[in-house]
Amino acid sequence: MLVLTRRIDESIVIGKQIVVTVLEVRGDQVRIGIKAPREIQVHREEVLRAIEAENAQAAGSAARTRQAVARMPQAARKRRVDPPGSV
Amino acid sequence: MSDEAVAAAGDASILRFDEGIPGFADARNFVLHDLTEDGVFQQMTCLEDPELAFVVLYPWLAFPDYSPELPESDQQALGITNPAEAVVFCSVLIDEEEGELFANLRAPFIAHARTLTARQVVLSDESLPMRAPLTQGT
């Protein structure tokens, strides 16, 4: 891993379009600003990992989920009413 | 989903996840079909890998107060300028032991209603659960 030391308001440039700036340091917390093109998604790592795990479990259990949905009583599902023109 | 159903869906209804989705980076194109007559539950099946599918939920009947706030970067990436252009659905999973169903309200799939450009959006509201219970006493 590349390790760089930066002060507040100093930045790191990644590639041509991503700029990471240290905004504030308080105790063991660091506030970081990120400028990136809109097609680059930026996530907190632990949140992304959790969503990956949820997706993996959702995909892995899709067949059982589908069966459970089919068994649900209609009343419990209620009815979907779309506003006109929606998809 | 059967091959016939995939073929019948046609290009017009293919959701394009240009960045893949977390955990499935190569899964780009998905089709939706109804699992229930009311359309509340749908299955989202990957065209690249038909074995890959998610059960998804139109969230507002089960969670009427759900009001996902689309981050600006996602609005721009999806080209969504007003809420009417957004199609929102939430992944559903089952707890294999309890048999209980949960919806992921924290990271909904959101598509532009017309272009069908889609993304799994991570909402910044940390109070939204990744597992909101969907079945109670069923």
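The table for this structure:
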quantity	calculated
Global geometry of chain B, whether rounded, prolate or oblate, following the gyration tensor of its Cα atoms and the 1.5 cut on a/c	oblate
Long-range amide H partners of B:Arg106 with built H, under 5 Å	B:Met130
MRE, 222 nm, helices only [DSSP H, n ≥ 4, -39500 (n - 2.57), over chain B, to nearest 500]	-2500 deg cm²/dmol
Distance in nm between pseudo-label sites at A:Ala36 and A:Glu10 (7 Å out along the Cβ direction from Cα)	2.3 nm
Extreme residue, positive dipole direction of region B:85-138, given options B:Ala107, B:Thr117, B:Cys90 (C-beta unit charges)	B:Thr117
Extended-chain gain in nm, criterion 0.36 nm per residue less alpha-carbon gap, A:Thr21 and A:Arg64	10.9 nm
Where a label projected 7 Å from the Cα of B:Thr117 along Cα→Cβ would reach, residues of region B:63-77 with amide N under 13 Å	B:73-77
For chain B: relative contact order, % (alpha-carbon pairs under 8 angstrom, 6 or more apart)	19 percent
Ellipsoid equivalent to region A:11-58 - semi-axes via the Cα gyration tensor, in Å	25, 17, 6
Translational diffusion of the protein assembly as shown, µm² s⁻¹ [Kirkwood Rh, Cα pairs; Stokes-Einstein; 10 °C; 1.306 mPa s]	84 µm²/s
Sulfur and carbon atoms: percent of accessible area, region B:46-87 [1.4 Å]	49 percent
Between A and B, accessible area buried - total, square angstrom, nearest 100, 1.4 angstrom probe	3400 Å²
Rounded to whole Hz, the Karplus (6.51, -1.76, 1.60) HN-Hα couplings of region B:125-134, x for glycine and proline	6, 6, 7, 6, x, 7, 10, 8, x, 9
Accessible area in the full protein assembly, largest first, 1.4 Å probe, for A:Arg66, A:Arg26, A:Arg38	A:Arg26, A:Arg38, A:Arg66
Accessible surface, 1.4 Å probe, highest first, among residues B:Glu98, A:Glu10	B:Glu98, A:Glu10
Point-charge dipole on Cβ atoms (K/R +1, D/E -1) for region B:1-131, about Cα centre, debye to 20	480 debye
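The values are calculated or read from the model by the stated rules, or taken from the named source; none is laboratory data. All values reported here derive from a predicted model rather than from experimental measurement. Cβ: placed from backbone, ideal geometry, glycine included. Neighbour counts: every protein chain shown. Only protein heavy atoms, including side chains, enter the accessible area calculation; ligands, DNA and RNA are left aside. Shrake-Rupley method; radii C 1.70, N 1.55, O 1.52, S 1.80 Å.
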